[in-house]
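> Okay, handing you the structure first.
The values are calculated or read from the model by the stated rules, or taken from the named source; none is laboratory data. Just so we're clear, the structure is a prediction, and the values are computed from it rather than from any experiment. FYI the Cβ positions are ideal-geometry reconstructions off the backbone, even for glycines, and counts take in every protein chain you see.
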There are 2 protein chains.
Amino acid sequence: MSVQATAQGARAAEPSTLPAGVRSELAEAVGAEHVLVGVAINPDTFTDESLHGLVQAPAAVVRPGSTAEVAAVVRTAARHRVPVTARGAGTGVSGGCVPSAGGIVLSFERMTAVLDLDLAGHTAVVQPGITLADLNAHLARHGLVYPVFPGTDASSVGGTVATNAGGMRAVRHGVTRSHVLGVEAVTGTGEVLRLGGAVVKRSTGYDLTQLVVGSEGTLALVTEATVRLSPLLGHSATILAPFVDVDEVAAVVPQLIAAGARPSVLEYIDRGTMKGLLRTNDLTLGVSAEVAERTGAYLVVVLEGRSAAEVEAELELVAALLDEAGALDTYILLEGQGDRLLEARENAFWMVKAAGADDLIDLVVPRARIPEYLRAVSAIAEEHGGRVFGCGHAGDGNIHFSVYEPDNERRHALLTAIYQAGLALGGVISGEHGIGAAKKPYFQELVDPALLAVHRQIKAVFDPAGVLNPGKVFDPA
Amino acid sequence: MSVQATAQGARAAEPSTLPAGVRSELAEAVGAEHVLVGVAINPDTFTDESLHGLVQAPAAVVRPGSTAEVAAVVRTAARHRVPVTARGAGTGVSGGCVPSAGGIVLSFERMTAVLDLDLAGHTAVVQPGITLADLNAHLARHGLVYPVFPGTDASSVGGTVATNAGGMRAVRHGVTRSHVLGVEAVTGTGEVLRLGGAVVKRSTGYDLTQLVVGSEGTLALVTEATVRLSPLLGHSATILAPFVDVDEVAAVVPQLIAAGARPSVLEYIDRGTMKGLLRTNDLTLGVSAEVAERTGAYLVVVLEGRSAAEVEAELELVAALLDEAGALDTYILLEGQGDRLLEARENAFWMVKAAGADDLIDLVVPRARIPEYLRAVSAIAEEHGGRVFGCGHAGDGNIHFSVYEPDNERRHALLTAIYQAGLALGGVISGEHGIGAAKKPYFQELVDPALLAVHRQIKAVFDPAGVLNPGKVFDPA
């Protein structure tokens, strides 16, 4: 059974071996000590963090140390038609880095350097294996940050580039795509392309950088990324505003933006999820029982600035607007409290995973349609008899649902209905997690067939042998 | 003689006719009154604003009124292998919309509607023929703006999308690419694709929207653009800071950004250009003769904000930093003065055109390399005996040179050297004007041949008959 099939919910780890002669070619490319097979392979490599239990042992893990070695590995793979799946930190949640049976995992664990840091230009050139945590520790010394904040800073830069990672703070800072100015990438033929560069303006040929960003390892393997940095903002404040319902939350968001506020987080948390977060994390936020009783949805607003005065001024503006918009109260959370609430919100993923959720949705709708969409999803869940819980990024319409429905067929029907409802409102299937293997069936089913055909043709341009992460995002024709 | 050849400097308008039967098919597609041939064609359609005098009469101008009509025109063109060049306002400066001999100009003059305005989501869906001026007049009523500001607001949205237009204010607001969330586009086979949508996060398949943005009408014709809007900022201030040389200007830019300033313009103007601007526009800015004497380069900083107080606070911060960085003085320009200086700077293009400049460069280098690059270009100009003058966007490394060298061969050598020097510093050929026909020879000569091959293959995916703006950006293989 292949990964494609396990995407439907089965749990399988098919034995996996390389065709004759490939192992020695790989050893020549990267050194024998960096070609792992059999029991030498860490079982963590078989999967990522997604909920589906997609598990597949690769035939080999190779650990190149340079772009030239990556290219040599891919050339070998293309010659022998062996699948190659790139792997960074393995923190993905759509099965994008789950290996192919008989395939190679190309691990970027040895390519973790900051190759260049332009302090005057505010750009860096980094290797894909570096984690966000390590990169930002390096940058903090210079008062800079790479402002991409997915759910965890254990992610590798390469992984976030592959999925166009977003996160809670994208509402202010933008998604990965906004910060990647260029990449060096190895195509499926082992050719090294340098796309883009350390410049923020460019009208010179097609934007192939942005084509590679978000392509989940199916077009080219990123061996260097040139990223845009921001000054580190030293001050922040968190406001918690309970509202009667999510309609009021959605209505206040454009008012905040229009008034010139630049929140870095605009998160809505429904009453039930908030209860769970507080209980699981042993948190109290000072919301009175009486207010909590009347609250249907909370809005969490984080403000950031260069000075306490700047944050204070924005805080006043935002608090006044929230008040006018019908907030039942506004709580300015102490630094520690705010951080703990956000951490709890980020960790909701683990809470959901531990609770045995069967799938995770991160659909996006135009932000004004959030209430309408939530109502549609409630009705769908009720109709299908599945349990669906959500919270999300009110600032950018990115909603995360956890879905509890163990039966594969019933879950597929439920998810299809939830996706269809989102698409009908002008949404897209995934805002930040990627399609990978887990959402592939839905993507293929729901995307315009003409668009799917273009995807396949573009893949053929970059990867004519079809060896780069085959069967992810979409299947070959 | 074709457009390709005129790009080398010749001025030619070859007679141009449609193959038999095509005219009636086009008339069926868009109505006979919207198919213009012969003397009915406005000669403005033969060219754009570029300096090369690229002139070519098309065989016909068609004026579709809907996406379906655009698709029908392209299908006819593909069937008969007739080139189709889209035209918006014709304000381009790289010859991107100059017709092909025997080809069709597809004018978007009838497709100028704002189809949707989402006031809560801050997005709009517009047709490509609308000008920036008209769109922003419409948006201003709602306190919103489409924050793309190329040299003129007479540009059409479609044209700015085709070239990924930038402009002076991109340093704060970003280039066109940052604001285009989705497009509806007609491929070279006449197929209608809907790419992206009114959402700011998306990890769902390849980013084909960004592939179409900046592709200069060679991949698909944009029939609708979904764009992101910003709140209109009602207050601004302009600071003029004279410095001894451009090195000091370049050094202060990252300091301003790192300190948290968000200037919407960071323009350097060298001493000679400033003299010309002041004289031509009959402007005085209050710079004393003594200071002017010591000044090698001026930095113009524009700040924008929601309130006078916000602008005032940023003004103080910026003035202090400029002072520390060695500004010979700092002049806060009165509202009218600042606007007139910026207008004069935008109109420098017309000054240069009137002065008989032979070419225009808008190369980009990483912003910290500006001084180094300017020195390199001075040395090249001296060596080649051509005259080269520049000013540019200090905030994003985008430098505009006007080149005076009437001899085609000598100019080609001079420009090649100037481009090569920029690429050697990590630059790209065009920051915002596009490659079009004018810069095509340099692009083809200087780009990695492997990358050029990928461009051609991608074009073949979208436009297998090669009818969409053929011979622009690059030639067929």
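> Run A:A251 past the list (1) within 11 Å of chain B (Cβ to nearest Cβ); (2) farther than 30 Å from B:H393 by Cα; (3) surrounded by fewer than 24 Cβ atoms within 10 Å (Cβ to Cβ); (4) at pLDDT 95 or above and report the number of the one that doesn't hold.
Evaluating A:A251 over (1) within 11 Å of chain B (Cβ to nearest Cβ); (2) farther than 30 Å from B:H393 by Cα; (3) surrounded by fewer than 24 Cβ atoms within 10 Å (Cβ to Cβ); (4) at pLDDT 95 or above leaves (4) as the failure.
> Return the residue satisfying two criteria in turn: it lies in the range A:455-477 and is among the small types (G, A, S) and free of Cβ contacts under 8 Å to residues at least 40 places away in the same chain, and of such residues it is nearest to the other protein chains (Cβ to nearest Cβ).
Checking each candidate, the answer is A:A460.
> Considering only residues that are surrounded by fewer than 23 Cβ atoms within 10 Å (Cβ to Cβ) and in a loop (DSSP other than H, G, I, E, B), look in the range B:118-128 and name the one that is nearest to the chain's Cα centre (by Cα).
Per the stated criteria, the residue is B:L119.
> Across the range B:126-147, which residue is nearest to the other protein chains (Cβ to nearest Cβ) among those that are of a type in the set (G, A, S) and touching a helix residue (DSSP H, G or I) at 6+ places or on another chain (Cβ under 8 Å)?
My answer is B:G143.
> Given (1) at pLDDT 95 or above; (2) of a type in the set (S, T, Y); (3) buried (at least 17 other Cβ atoms within 10 Å of the Cβ), where does B:S66 come up short, assuming only one miss?
(3)
> If you go through the range A:106-117 one residue at a time, do you hit one that is crowded, with 22+ Cβ neighbours inside 10 Å and over 25 Å from A:F462 (Cβ atoms)?
No - not one qualifying residue is present in the range A:106-117.
> From (1) within 14 Å of chain B (Cβ to nearest Cβ); (2) assigned to a loop (DSSP other than H, G, I, E, B), pick out the condition that doesn't hold for A:V55.
Unmet condition: (1).
> Kindly establish whether A:A71 is closer than 17 Å to A:V467 by Cα and touching a helix residue (DSSP H, G or I) at 6+ places or on another chain (Cβ under 8 Å).
Values: closer than 17 Å to A:V467 by Cα: yes; touching a helix residue (DSSP H, G or I) at 6+ places or on another chain (Cβ under 8 Å): no.
When the stated conditions are applied, A:A71 does not pass them.
> State the number of residues belonging to the range A:388-431 that are farther than 27 Å from A:V253 by Cβ, surrounded by fewer than 19 Cβ atoms within 10 Å (Cβ to Cβ) and of a type outside the set (S, T, N, Q).
7
> Further, regarding this structure: Inspect the range B:26-46 for any residue being part of a loop (DSSP other than H, G, I, E, B) and touching a Phe, Trp or Tyr at 6+ places or on another chain (Cβ under 8 Å) and give the result as yes or no.
No, because not a single residue in the range B:26-46 is part of a loop (DSSP other than H, G, I, E, B) and touching a Phe, Trp or Tyr at 6+ places or on another chain (Cβ under 8 Å).
> Considering each residue of the range B:117-145, count those that are in contact (Cβ under 8 Å) with a residue 60 or more places away in the chain and closer than 25 Å to B:K201 by Cα, and give that number. Steps first, answer last, please.
Filtering the range B:117-145 for residues in contact (Cβ under 8 Å) with a residue 60 or more places away in the chain gives B:118, B:121-128, B:139-140, B:143-145.
Narrowing the set further to residues that are closer than 25 Å to B:K201 by Cα leaves B:118, B:121-128, B:139, B:143-145.
Adding up the residues that qualify gives 13.
> Show me the helices (runs of 4 or more DSSP H) found entirely inside the range B:306-360 where at least 1 residues are surrounded by 17 or more Cβ atoms within 10 Å (Cβ to Cβ) and at pLDDT 90 or above.
Working: elements: B:308-324, B:335-346, B:348-354.
In the range B:306-360, the matching helices (runs of 4 or more DSSP H) lie at B:308-324, B:335-346.
> Pairs only if they're at least six apart or on different chains, beta carbon under 8 angstrom, first in the range A:320-348 and basic (K, R), second in a helix (DSSP H, G or I); list them, first residue then second.
A:R340/A:N281; A:R345/A:L277
> For the range A:413-430, enumerate the residues that are out of contact with any Pro (no Cβ under 8 Å at 6 or more places or on another chain) and either in a helix (DSSP H, G or I) or more than 9 Å from chain B (Cβ to nearest Cβ) (or both).
Scanning the range A:413-430 gives A:A413, A:L414, A:L415, A:T416, A:A417, A:I418, A:Y419, A:Q420, A:A421, A:G422, A:L423, A:A424.
> Right, A:L452: within 14 Å of chain B (Cβ to nearest Cβ), assigned to a helix (DSSP H, G or I) and modelled with pLDDT of 95 or more or not?
yes
> Is it the case, given these coordinates, that B:G434 is part of a strand (DSSP E or B), within 14 Å of chain A (Cβ to nearest Cβ) and surrounded by 21 or more Cβ atoms within 10 Å (Cβ to Cβ)?
Criteria not met by B:G434.
> Could you list, in sequence order, all residues of the range B:287-305 that are within 32 Å of the chain's Cα centre (by Cα) and either within 14 Å of another protein chain (Cβ to nearest Cβ) or assigned to a loop (DSSP other than H, G, I, E, B) (or both)?
Within the range B:287-305, B:V287, B:T295, B:G296, B:L303, B:E304, B:G305 qualify.
> Right, another one. Taking the residues in the range A:206-217 that are part of a loop (DSSP other than H, G, I, E, B) and buried (at least 24 other Cβ atoms within 10 Å of the Cβ) as candidates, determine which candidate is farthest from the other protein chains (Cβ to nearest Cβ).
A:G217
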